[in-house]
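Notes follow the structure.
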Amino acid sequence: MVRPGAYIAALEGHEEFDRRRLRRLAAAAAIVDKSRADVLLSHETAALVHGLPMVGCGRTHLVQPFPGGQRDAADVARHFVEVPEAHRTERHGLPVTTLERTVIDCARTLARPEGLVIADAALHAGADRATCEQMIEALAGRSGVVAARWVLAHADGGAESPGESWTRFLILEAGLPRPSTQVPVETRRGVFWGDLGWRRERVVVEFDGRAKYEAKGSASRAVLAEKQRQEAIEAEGWVVVRASVSDLRSPEPFLRRLRRALAGGPSPAHLPVARAPRADK
């Protein structure tokens, strides 16, 4: 049971993260189906339907133009606002805000790192930045617009995982130079791409998420391949600074390592030349 009166098939065989995602999607579909008002899935629920990362507290977010009168359960958050037709769409048979409106709603209401995670993923999925900027300007003076402007200004569609986005947020909050995403490094083994990096200082940051290794087959082969990859990058005079999930919770040791690496970077004379599109990750 995902909520009173709504059930889904057993989810055995799925990872816990996937089970939580499927439960939240099923709950959203059930709430839309039972709602008597003209509702629209929004905020982090719309992000979930669009296939963006799962963030937020787990409530189903709905937009409707006026209070419906019913008393909602604790797992439902209703937003009583008018949403233009141009900001509406349908995904998997469910009424949702468009990708761009979803970015702005999440950026206005979530903590900045979570808003950045959504914005990065949405741009990566094809959201139009100019449309997002127009939406922000139309909301000038409303709550959360300052945060939304910050998120969109720092969003980067080159990020390929929530961990990379959150790591970049920590770097920016620490006052360090803004890194590029997907930085090419030419090595004797070919061109490798760092998750984040600074070409001038020849420093790359690699975020170690479990999925990076699971996606490549057996863990032992993946770890060996990653070791060889790092050695090839370092052989070209680059410094690799690794970040993990634990660094997101307690970032200071990671930030100290990164500051040391950036302070000791080589001169601009050793800048690499970007080549063809990436193929290794």
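The values are calculated or read from the model by the stated rules, or taken from the named source; none is laboratory data. Keep in mind that this is a model prediction, so the values were computed, not measured. Heads up, the Cβs are rebuilt from the backbone with ideal geometry, glycines too, and the neighbour counts pull from every protein chain shown.
For the structure I just gave you, tell me whether ARG210 is within 22 Å of LEU255 (Cα to Cα), surrounded by fewer than 16 Cβ atoms within 10 Å (Cβ to Cβ), assigned by TED's automatic domain parsing to the domain that holds ARG257 and modelled with pLDDT under 95.
So ARG210 fits the description; yes.
Could you figure out which of (1) touching a residue at least 40 places away in the same chain (Cβ under 8 Å); (2) small (Gly, Ala, Ser); (3) in contact with a Gly (Cβ under 9 Å, 6 or more places away or on another chain) isn't true of ALA127?
(1)
Taking interchain pairs and intrachain pairs at least six residues apart, which have beta carbon atoms under 7 angstrom, with the first residue in region 52-66 and not assigned by TED's automatic domain parsing to the domain that holds LEU94 and the second of a type in the set (Asp, Glu)?
So the pair list comes out empty.
Enumerate the pairs (first residue in region 68-79 and more than 14 Å from LEU41 (Cβ to Cβ); second residue anywhere and part of a strand (DSSP E or B) and modelled with pLDDT of 65 or more) with beta-carbon separation below 9 Å, excluding pairs fewer than 6 apart on the same chain, so at least 6 apart or on different chains.
The qualifying pairs are GLY68/ARG78; GLY68/PHE80; ASP72/LEU62; ASP72/ARG78.
With the requirement that a residue be part of a helix (DSSP H, G or I) and either under 14 Å from THR109 (Cβ atoms) or within 13 Å of the chain's Cα centre (by Cα) (or both), what does region 136-145 give you?
Once the filter is applied, which keeps residues that are part of a helix (DSSP H, G or I) and either under 14 Å from THR109 (Cβ atoms) or within 13 Å of the chain's Cα centre (by Cα) (or both), region 136-145 yields ILE136, VAL145.
Please indicate, with yes or no, whether at least one residue in region 76-88 is within 30 Å of LEU170 (Cα to Cα) and either among the aliphatic types (A, V, I, L, M) or more than 13 Å from the chain's Cα centre (by Cα) (or both). Working first, answer last.
Filtering region 76-88 down to residues within 30 Å of LEU170 (Cα to Cα) leaves 77.
Filter once more, keeping what is either among the aliphatic types (A, V, I, L, M) or more than 13 Å from the chain's Cα centre (by Cα) (or both): 77.
Looking through region 76-88, at least one residue is within 30 Å of LEU170 (Cα to Cα) and either among the aliphatic types (A, V, I, L, M) or more than 13 Å from the chain's Cα centre (by Cα) (or both).
Quick one: VAL183 ticks every box in (1) within 14 Å of the chain's Cα centre (by Cα); (2) in the same structural domain as LYS227 (by TED's automatic domain parsing) except a single one, so which number is it?
Every condition holds for VAL183 apart from (1).
Name the one entry in GLN228, GLN182 that is surrounded by fewer than 21 Cβ atoms within 10 Å (Cβ to Cβ), in contact with a Lys or Arg (Cβ under 9 Å, 6 or more places away or on another chain) and modelled with pLDDT under 95.
Every option except GLN228 fails the conditions.
Only one of ALA121, ALA148, ALA127 is buried (at least 22 other Cβ atoms within 10 Å of the Cβ), modelled with pLDDT of 95 or more and part of a loop (DSSP other than H, G, I, E, B); which?
When all the criteria are applied, what remains is ALA127.
Within region 60-76, how many residues are surrounded by 18 or more Cβ atoms within 10 Å (Cβ to Cβ) and either part of a loop (DSSP other than H, G, I, E, B) or modelled with pLDDT of 90 or more (or both)?
Residues meeting the conditions: 4.
Would you be able to tell me the number of residues in region 238-281 that are part of a loop (DSSP other than H, G, I, E, B), modelled with pLDDT under 95 and not aliphatic (A, V, I, L, M)?
Looking only at that region, the number is 10.
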